[in-house]
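Novice: The following block contains the structure, expressed as structure tokens.
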Amino acid sequence: MSAVAEREPASPRPRPRKRESALRKTMKEGLWDNNPIFRQVLGICSALAVTNLVLNTAVMCLALTWTTALSCLTVSLLRDWTPHRIRMMVQTLIIAFYVILVDLALKAYWPEMSRSLGPYVGLIITNCIIMGRCEAFARSNSPGMSFLDGLFSGLGYSFVLLMVAVLRELLGMGSILGVPVPYFSTAWDKWIIMVMPPGAFFTLACLIWIFRSIRSGEEEKSA
Amino acid sequence: MSLTVELWQMLVVFFSAIFTGNILLTTFLGMCPFLAVSRQVKASVGLGFAVVFVMTCTSLLNWLAYRYVLVPLELEFFRFILFIIIIATFVQFVEMVLERYSPVLYQNLGIFLPLITVNCAILGASLFTVIREYTFLVTVGYGFGSGAGWMLAIVAMAGIRQKMAVERVPAGLQGPGITLIIAGLMALGFIGFTGVLQGG
Amino acid sequence: MREKPWFPVLYMFVITAFFSSILIGLSRFTRERVEVNQQLAVEKAVLEALPIELPPEASSLELHQTFLERIKDPSPASGGAYVLIAGDKVVAYAVPLEGKGYWDTIKGFIGIDSDMGTVTGISFYEQSETPGLGAEIAQPPFRSQFVGKRMAQGNRPLGFLPVGSVLGESEVHAITGATQTSTRVERIINEDLLSWRSGVLSRGDSAL
């Protein structure tokens, strides 16, 4: 994550550097420092259930990232007009709009996936992350930055969920994205528990443990 | 479907919503307040009751709204927005009534009500009744059962966490980490109930 | 204008109207497609349960054409099953299967030859069982077991046995680790086959 940010060329002129480091900061925040799941343990409900298959998780994450990025963009575009009192209702409406678009598209063009994901696509609307980003950032920042902030928060969330999904599908079914993986689909004695709900809980708990240990190690070093 | 068959199915769905298809431990809904509030038994019981009440009532209201408003108008896709509006309005209404007529109850339960509006389990339960095409009576059983199941999970979790408060948990696992592991163990335990109910 | 007390109401109204109309438009646009998809799924399942040669990469259109040409719709005479015809003769029936699986409704078809006993195939077009476990019922390894099996007389036309057991001509292997799904599918198949068999037999042999 920080590797991606560092690939951007350092600029000698002051103004572009300030703009550029705002971008880097946003990216790093969304993906790592303030990673929605690890740091804030937010919004896991609507997606843990589909993490038994990498494909379903990927579609879910795409839907969520799309919704977060575009909702933040729209909220930001309307921020000068939206009366303060009703801003939460307006935000909910905007988020619901983008989610319904995804739901309609899936039902029409990929019905099996729509059925596999069940109610979880709709539950993206109540996902605390999106509302959180709209409130915390999009309300008071430019459309461009808001879009990016939403995008990277969504990607940070996706990165964690995909890790859970890869572990679950690999250890539980010996495949990734439905493609059998050499050792895991043959000699490996599949961990059926990974296919069932407890597997999701345990995997996520371990990932949080690892992440937080790394984080506190980083914090100790810089302190 | 005859009435007796429906009543029987309602009972089956009620029990399966608590044990075999627990809304929190099998469909992962309602995790945020679950992780946050389950530190103490008292708070969990309070929140649990509030959830049972709201979930039962809103699944019914949403069922009616879906069947008699959205379907005739061919606006099924609108259910996400309508359900959220109904839930938020209902919770608001209950809060006002409590505040006016029962200050005691308001003191105990009222603070949880805003938390409930963002509890995805409430919306999720309504969405499930639509997907599974439940009839009215079965929805009653499902709404009440899901709420009761959620409450069971959170109270059990709080009991365990309170007992564990004196244990040494590794730093990285404190808080959400260990809670998720306990939840996983509970989910594992609940799987033992599978097969107890035929047709559920 | 923004400070006027009615502005929030107006704003909410305009925003809702704007977004809702887009959604209503798109919903209308996709509605027909959704219905077509559902119909095609049913047709495909019917064809897969019957002894028809289907090219592996057949397009939806080709499947639909085949369906229109070779399949007769369900009627009371066929006991509610789709009928595969060749000219005037009945070749096989596709008996609809429907019932509650472990998670949700399971729907499919089981094909029975015109001799009213031999199974020609089985297919599922709707199921939400656990991937890797119950959902394996929709995969070829499980489904291919059924081809050539014979319906037993009596109350259990087809039986499910654990993997490793020796199978008779009316038995198939259940799915290891998916006991719930296996039990329910077995029940659905047997109930629907029994009611179909008695429905057809009560009308005599010429089911057309």
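The values are calculated or read from the model by the stated rules, or taken from the named source; none is laboratory data. What you see is a predicted model, and the numbers here were worked out from it, not measured in a lab. Glycine gets a Cβ as well: all are built from the backbone with ideal geometry, and neighbour counts include every protein chain shown.
Novice: Looking only at residues that are surrounded by 24 or more Cβ atoms within 10 Å (Cβ to Cβ) and either free of Cβ contacts under 8 Å to residues at least 60 places away in the same chain or not aromatic (F, W, Y) (or both) in segment C:102-122, which one is farthest from C:T181 (Cα to Cα)?
Specialist: C:I112
Novice: Same structure, new question: Take segment A:76-91 and flag every residue that is assigned to a helix (DSSP H, G or I), within 11 Å of chain C (Cβ to nearest Cβ) and either crowded, with 19+ Cβ neighbours inside 10 Å or under 18 Å from the mean Cα position of the chain (by Cα) (or both). Quick ask: steps written out before the conclusion?
Specialist: So in segment A:76-91, the residues assigned to a helix (DSSP H, G or I) come out as A:76-77, A:87-91.
From what's left, within 11 Å of chain C (Cβ to nearest Cβ): A:87, A:89-91.
Matches in segment A:76-91: A:V90, A:Q91.
Novice: Anything in segment B:92-124 that is surrounded by fewer than 24 Cβ atoms within 10 Å (Cβ to Cβ) and within 13 Å of chain A (Cβ to nearest Cβ)? List them, or say none. Explain how you work it out, then say what you get.
Specialist: Step one: filter segment B:92-124 for residues surrounded by fewer than 24 Cβ atoms within 10 Å (Cβ to Cβ), giving B:92-115, B:117-118.
Of everything in segment B:92-124, those that are surrounded by fewer than 24 Cβ atoms within 10 Å (Cβ to Cβ) and within 13 Å of chain A (Cβ to nearest Cβ) turn out to be B:Q92, B:P114, B:L115, B:T117, B:V118.
So that you can scan it fast, the table gives a plain yes or no per residue for (1) within 11 Å of chain A (Cβ to nearest Cβ); (2) surrounded by 13 or more Cβ atoms within 10 Å (Cβ to Cβ); (3) more than 28 Å from A:L104 (Cβ to Cβ):
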{"position": "C:R31", "(1), (2), (3)": "yes, yes, no"}
{"position": "C:A49", "(1), (2), (3)": "no, yes, yes"}
{"position": "C:E53", "(1), (2), (3)": "no, no, yes"}
{"position": "C:A58", "(1), (2), (3)": "no, yes, no"}
{"position": "C:L61", "(1), (2), (3)": "no, no, no"}
{"position": "C:H64", "(1), (2), (3)": "no, yes, no"}
{"position": "C:D73", "(1), (2), (3)": "no, no, yes"}
{"position": "C:S78", "(1), (2), (3)": "no, yes, yes"}
{"position": "C:A81", "(1), (2), (3)": "no, yes, yes"}
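Novice: While we're here: Which of the residues that make up segment C:102-118 are of a type in the set (G, A, S) and either part of a strand (DSSP E or B) or over 19 Å from C:Q153 (Cβ atoms) (or both)? So that I can check it myself, show each step before the final result.
Specialist: Residues of segment C:102-118 of a type in the set (G, A, S): C:108, C:111, C:114, C:117.
Matches in segment C:102-118: C:G108, C:G111.
Novice: Here is a further query. Just the residues that are surrounded by fewer than 15 Cβ atoms within 10 Å (Cβ to Cβ) and either touching a residue at least 60 places away in the same chain (Cβ under 8 Å) or touching an Asp or Glu at 6+ places or on another chain (Cβ under 6 Å) (or both), please, taken from segment A:169-196.
Specialist: Scanning segment A:169-196 gives A:L177, A:G178.
Residue-by-condition table, conditions (1) surrounded by fewer than 15 Cβ atoms within 10 Å (Cβ to Cβ); (2) away from chain B (no Cβ under 14 Å); (3) part of a loop (DSSP other than H, G, I, E, B):
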site	(1), (2), (3)
A:G144	yes, yes, no
A:S158	no, yes, no
A:L161	no, no, no
A:P198	no, no, no
A:I214	yes, no, no
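Novice: Filter segment C:155-164 for residues that are in a loop (DSSP other than H, G, I, E, B) and surrounded by 15 or more Cβ atoms within 10 Å (Cβ to Cβ) and give the result.
Specialist: We begin by selecting, within segment C:155-164, every residue in a loop (DSSP other than H, G, I, E, B); these are C:155-158, C:162-164.
If the condition is that a residue be in a loop (DSSP other than H, G, I, E, B) and surrounded by 15 or more Cβ atoms within 10 Å (Cβ to Cβ), then C:R156, C:P157, C:L158 are the ones that fit.
Novice: Kindly check whether there is at least one residue in segment C:119-133 that is within 14 Å of chain A (Cβ to nearest Cβ) and assigned to a helix (DSSP H, G or I).
Specialist: Within segment C:119-133, none of the residues are within 14 Å of chain A (Cβ to nearest Cβ) and assigned to a helix (DSSP H, G or I).
Novice: Please count how many residues of segment A:104-127 are part of a helix (DSSP H, G or I) and surrounded by fewer than 19 Cβ atoms within 10 Å (Cβ to Cβ).
Specialist: As a first pass, look at segment A:104-127 and keep what is part of a helix (DSSP H, G or I): A:104-109, A:111-120, A:122-126.
Those still in the list that are surrounded by fewer than 19 Cβ atoms within 10 Å (Cβ to Cβ) too: A:105, A:109, A:111-113, A:115.
Selection size over segment A:104-127: 6.
Novice: Being in contact with a Phe, Trp or Tyr (Cβ under 9 Å, 6 or more places away or on another chain) and acidic (D, E) is the filter here, so list the residues in segment C:107-145 that pass it.
Specialist: Hits for segment C:107-145 are C:D113, C:E129, C:E136.
Novice: Only one residue in C:G154, C:G134, C:G177 is of a type outside the set (S, T, N, Q), over 20 Å from the mean Cα position of the chain (by Cα), at pLDDT below 85 and closer than 27 Å to A:V195 by Cα. Which one? First the steps, then the outcome.
Specialist: Details: C:G154 fails: closer than 27 Å to A:V195 by Cα; C:G134 fails: over 20 Å from the mean Cα position of the chain (by Cα).
It is C:G177.
Novice: Sort through B:A156, B:A88 and tell me the only one that's more than 13 Å from chain A (Cβ to nearest Cβ) and farther than 30 Å from C:E126 by Cβ. Show your work before the answer.
Specialist: Working: B:A88 fails: more than 13 Å from chain A (Cβ to nearest Cβ).
Going through B:A156, B:A88 in turn, just one is more than 13 Å from chain A (Cβ to nearest Cβ) and farther than 30 Å from C:E126 by Cβ: B:A156.
Novice: Does segment A:164-178 include one or more residues that are among the aliphatic types (A, V, I, L, M), away from every other protein chain (no Cβ under 14 Å) and in a helix (DSSP H, G or I)? I'd like the intermediate steps shown before the answer.
Specialist: Initial filter on segment A:164-178 (among the aliphatic types (A, V, I, L, M)): A:164-167, A:170-171, A:173, A:176-177.
From the residues that got through so far, the ones that are away from every other protein chain (no Cβ under 14 Å) too are A:166.
Still in the list and also in a helix (DSSP H, G or I): A:166.
Looking for residues that are among the aliphatic types (A, V, I, L, M), away from every other protein chain (no Cβ under 14 Å) and in a helix (DSSP H, G or I), one finds at least one in segment A:164-178, hence yes.
Novice: Kindly check whether there is at least one residue in segment C:143-154 that is in contact with a Lys or Arg (Cβ under 8 Å, 6 or more places away or on another chain), assigned to a loop (DSSP other than H, G, I, E, B) and crowded, with 19+ Cβ neighbours inside 10 Å. Please lay out each step first, then the result.
Specialist: As a first pass, look at segment C:143-154 and keep what is in contact with a Lys or Arg (Cβ under 8 Å, 6 or more places away or on another chain): C:151.
From what is left, the residues that are assigned to a loop (DSSP other than H, G, I, E, B) are C:151.
Filter again for crowded, with 19+ Cβ neighbours inside 10 Å, leaving C:151.
Taking every residue of segment C:143-154 in turn, at least one turns out to be in contact with a Lys or Arg (Cβ under 8 Å, 6 or more places away or on another chain), assigned to a loop (DSSP other than H, G, I, E, B) and crowded, with 19+ Cβ neighbours inside 10 Å.
Novice: Same structure, new question: Does B:L127 meet the test of being within 14 Å of chain A (Cβ to nearest Cβ), under 27 Å from A:I86 (Cβ atoms), surrounded by 14 or more Cβ atoms within 10 Å (Cβ to Cβ) and touching a Phe, Trp or Tyr at 6+ places or on another chain (Cβ under 8 Å)? Steps first, please.
Specialist: Working: within 14 Å of chain A (Cβ to nearest Cβ): yes; under 27 Å from A:I86 (Cβ atoms): yes; surrounded by 14 or more Cβ atoms within 10 Å (Cβ to Cβ): yes; touching a Phe, Trp or Tyr at 6+ places or on another chain (Cβ under 8 Å): yes.
Considered against the rule, which asks whether it is within 14 Å of chain A (Cβ to nearest Cβ), under 27 Å from A:I86 (Cβ atoms), surrounded by 14 or more Cβ atoms within 10 Å (Cβ to Cβ) and touching a Phe, Trp or Tyr at 6+ places or on another chain (Cβ under 8 Å), B:L127 comes out as yes.
So that you can scan it fast, the table gives a plain yes or no per residue for (1) crowded, with 19+ Cβ neighbours inside 10 Å; (2) outside any loop (DSSP other than H, G, I, E, B); (3) within 13 Å of chain A (Cβ to nearest Cβ); (4) of a type in the set (S, T, Y):
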residue: B:L7; (1), (2), (3), (4): no, yes, no, no
residue: B:L25; (1), (2), (3), (4): yes, no, yes, no
residue: B:R39; (1), (2), (3), (4): no, no, no, no
residue: B:S44; (1), (2), (3), (4): yes, yes, no, yes
residue: B:G48; (1), (2), (3), (4): yes, yes, no, no
residue: B:T56; (1), (2), (3), (4): yes, yes, no, yes
residue: B:S59; (1), (2), (3), (4): yes, yes, yes, yes
residue: B:R67; (1), (2), (3), (4): no, yes, no, no
residue: B:F80; (1), (2), (3), (4): yes, yes, yes, no
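Novice: So, one more: From the list B:L152, B:L173, exactly one residue is at negative phi and free of Cβ contacts under 8 Å to residues at least 24 places away in the same chain. Which is it?
Specialist: Values: B:L152 fails: free of Cβ contacts under 8 Å to residues at least 24 places away in the same chain.
One residue alone meets the criteria, B:L173.
Novice: Kindly evaluate B:T4 against the criterion of being more than 13 Å from the chain's Cα centre (by Cα), of a type outside the set (A, V, I, L, M) and farther than 30 Å from A:M89 by Cα. Talk me through it step by step, then tell me what you get.
Specialist: Numbers: more than 13 Å from the chain's Cα centre (by Cα): yes; of a type outside the set (A, V, I, L, M): yes; farther than 30 Å from A:M89 by Cα: yes.
So B:T4 passes the test.
Novice: With the structure loaded, tell me whether C:S27 is at pLDDT 85 or above, more than 9 Å from chain A (Cβ to nearest Cβ) and under 16 Å from A:A96 (Cβ atoms) or whether it fails that test. Outline the logic, then answer.
Specialist: On the way: at pLDDT 85 or above: yes; more than 9 Å from chain A (Cβ to nearest Cβ): no; under 16 Å from A:A96 (Cβ atoms): yes.
In short, no.
Novice: Inspect segment C:14-31 for any residue being in a strand (DSSP E or B) and free of Cβ contacts under 8 Å to residues at least 24 places away in the same chain and give the result as yes or no. Spell out how you get there, then give the answer.
Specialist: Of segment C:14-31, the ones in a strand (DSSP E or B) are none.
There is no residue in segment C:14-31 that is in a strand (DSSP E or B) and free of Cβ contacts under 8 Å to residues at least 24 places away in the same chain.
Novice: Still on this model: Does B:T58 fit the bill of being more than 15 Å from the chain's Cα centre (by Cα) and not charged (D, E, K, R)? Outline the logic, then answer.
Specialist: Details: more than 15 Å from the chain's Cα centre (by Cα): no; not charged (D, E, K, R): yes.
When the stated conditions are applied, B:T58 does not pass them.
Novice: Regarding C:K44, is this residue in contact (Cβ under 8 Å) with a residue 40 or more places away in the chain and of a type in the set (K, R)? Give the derivation first.
Specialist: Details: in contact (Cβ under 8 Å) with a residue 40 or more places away in the chain: yes; of a type in the set (K, R): yes.
For C:K44, the condition - in contact (Cβ under 8 Å) with a residue 40 or more places away in the chain and of a type in the set (K, R) - is met.
Novice: Shifting gears a bit: Yes or no: segment B:104-122 includes at least one residue that is of a type outside the set (V, I, T), closer than 24 Å to A:L104 by Cβ and touching a Leu at 6+ places or on another chain (Cβ under 8 Å). So that I can check it myself, show each step before the final result.
Specialist: Start the filter on segment B:104-122 by keeping residues that are of a type outside the set (V, I, T), which leaves B:105-110, B:112-115, B:119-121.
Remaining after also requiring closer than 24 Å to A:L104 by Cβ: B:120.
With the extra rule that they be touching a Leu at 6+ places or on another chain (Cβ under 8 Å), the set shrinks to B:120.
So far as segment B:104-122 goes, yes, one or more of its residues are of a type outside the set (V, I, T), closer than 24 Å to A:L104 by Cβ and touching a Leu at 6+ places or on another chain (Cβ under 8 Å).
Novice: Continuing with the same structure: Check segment B:166-178 and report whether any residue there is crowded, with 20+ Cβ neighbours inside 10 Å, within 19 Å of the chain's Cα centre (by Cα) and in a helix (DSSP H, G or I).
Specialist: At the first step, the residues of segment B:166-178 found to be crowded, with 20+ Cβ neighbours inside 10 Å are B:172, B:176-178.
Within this subset, residues satisfying the condition of being within 19 Å of the chain's Cα centre (by Cα) are none.
No, segment B:166-178 has no match at all.
Novice: Exactly one of (1) charged (D, E, K, R); (2) over 20 Å from C:G121 (Cβ atoms); (3) not in a helix (DSSP H, G or I) is unmet by C:E57. Its number?
Specialist: Here C:E57 clears every test but (2).
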